[in-house]
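Structure first, commentary second.
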Amino acid sequence: MWITRLFGLVALLVIVTGEICQDCLVDAQTASNLTILEHLDKVLVAGKPQPPPPAPRPPPPPPPARILPADDEVWKKCREKGCMLSWAMRYEDSQVGTYYVPPRPTAASPYQSLSDLAKWFWFRWPQASIREEYFDFNRAWGIGHALEELGVNPYADEYEGGENRVHSVDHKLPPDDPYHDIPVADQKYKVNDKTYRATAASFSFSLNPKDGVIIGLNRESPKATGKQQEPPVPDDQMPELTQFSDVAWLSWDDMVKEKNGDLKNIRYLISVLVVNRETVSVVLRASENRGWGVDDWPGHIFEDGSPEMHAIMGKSRSFQEGL
């Protein structure tokens, strides 16, 4: 490469000097010019090294570990809790409350009015502000055919003939509030002279009093979303009204009264998008115990009172909310 470059420089110099003076091709000046150009070429080559290639990027993180059936410790914990819940549903609230830890005068929730939602900074979002796909039980949630086979109306009441009203209740100011542009981290409220912060929690669900169905669509709890804020919401500033069950029940109570329905007419509690790994592990073990897989609809039925039913009740929030 160096020899080729040198000969190229010599040829170039010969052509240029030849145009000026054919008699000076071999004089000292020409030799001097050759030396200068030769040295210049060396300087240029040495002064512009090729940059090293960029270092390869680190590999992406591995996928989450495959979920295995629940171990004995998790299974026992969930089964015992589910057994307790199954028993509690058959007795009066006043009898059950004494078995809480710590004991309570009643198992009934202390929140019995929609005003409790506002008190703890929970707000219903206008229907027009709810994401459009939340109303589509077929393409978005994939449960339309299952609802039909259960004898349940498969459409949101946004559509003609629909009976399922979609709600979104968030722990922050709604879009129709004049101060909703305030950053969530700066949204604060007071309860009993104590200041709390908004957490941006969001509970989306549908209610169908006619068919007796509550469907949990999207549940982001105050504890989960509060920790994602900057700065994170400390534990002592989390709302006391924090459970999806309370938010859904107060909304159910209000809607049933609006339609003059039966408050106790709850036939199905449906939970969409089960992503909690421990919950999935319990379902896997329950299915494994019966020699089943986790199949598409219609799936399988676990009998009331069975160990598998108790374990799923003890882990699944949908069943706990039914209590």
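Taken together, the values in this text are just the output of simple stated rules run on the coordinates, not laboratory data. Every value quoted in this text rests on a predicted model; they were computed, and no experiment measured them. We place every Cβ from the backbone using ideal geometry, glycine too, and count neighbours over all the protein chains shown.
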Where does region 179-273 land on Rg/Rh, using Cα atoms and the Kirkwood Rh? 1.06
Determine Rg/Rh for region 110-243; Rg is computed over alpha-carbon atoms and Rh is the Kirkwood hydrodynamic estimate from the same atoms. 1.02
Two-decimal Rg to Rh for region 72-322 - Kirkwood Rh, Cα set: 0.96
Relative intensity, log₁₀ I(q)/I(0), of region 54-111 from a Debye sum that treats every alpha carbon as a point, q = 0.14, 0.17, 0.26 Å⁻¹: -0.61, -0.73, -1.05
Cα gyration tensor shape of region 229-286, rounded if a/c is under 1.5, else prolate or oblate by comparing a/b with b/c: oblate
Set of lysines with alpha-carbon distance to Lys210 below 17 Å, sequence-local pairs under 8 removed: Lys257, Lys259, Lys264
Determine the sum of side-chain charges near Pro110: Lys and Arg each +1, Asp and Glu each -1, restricted to other residues whose C-beta is under 15 angstrom from that of Pro110. -3
Could you order the peptides 207-218, 157-168, 186-197, 67-78 from most to least packed, using the average number of other C-beta atoms within 10 Å per residue? 207-218, 157-168, 67-78, 186-197
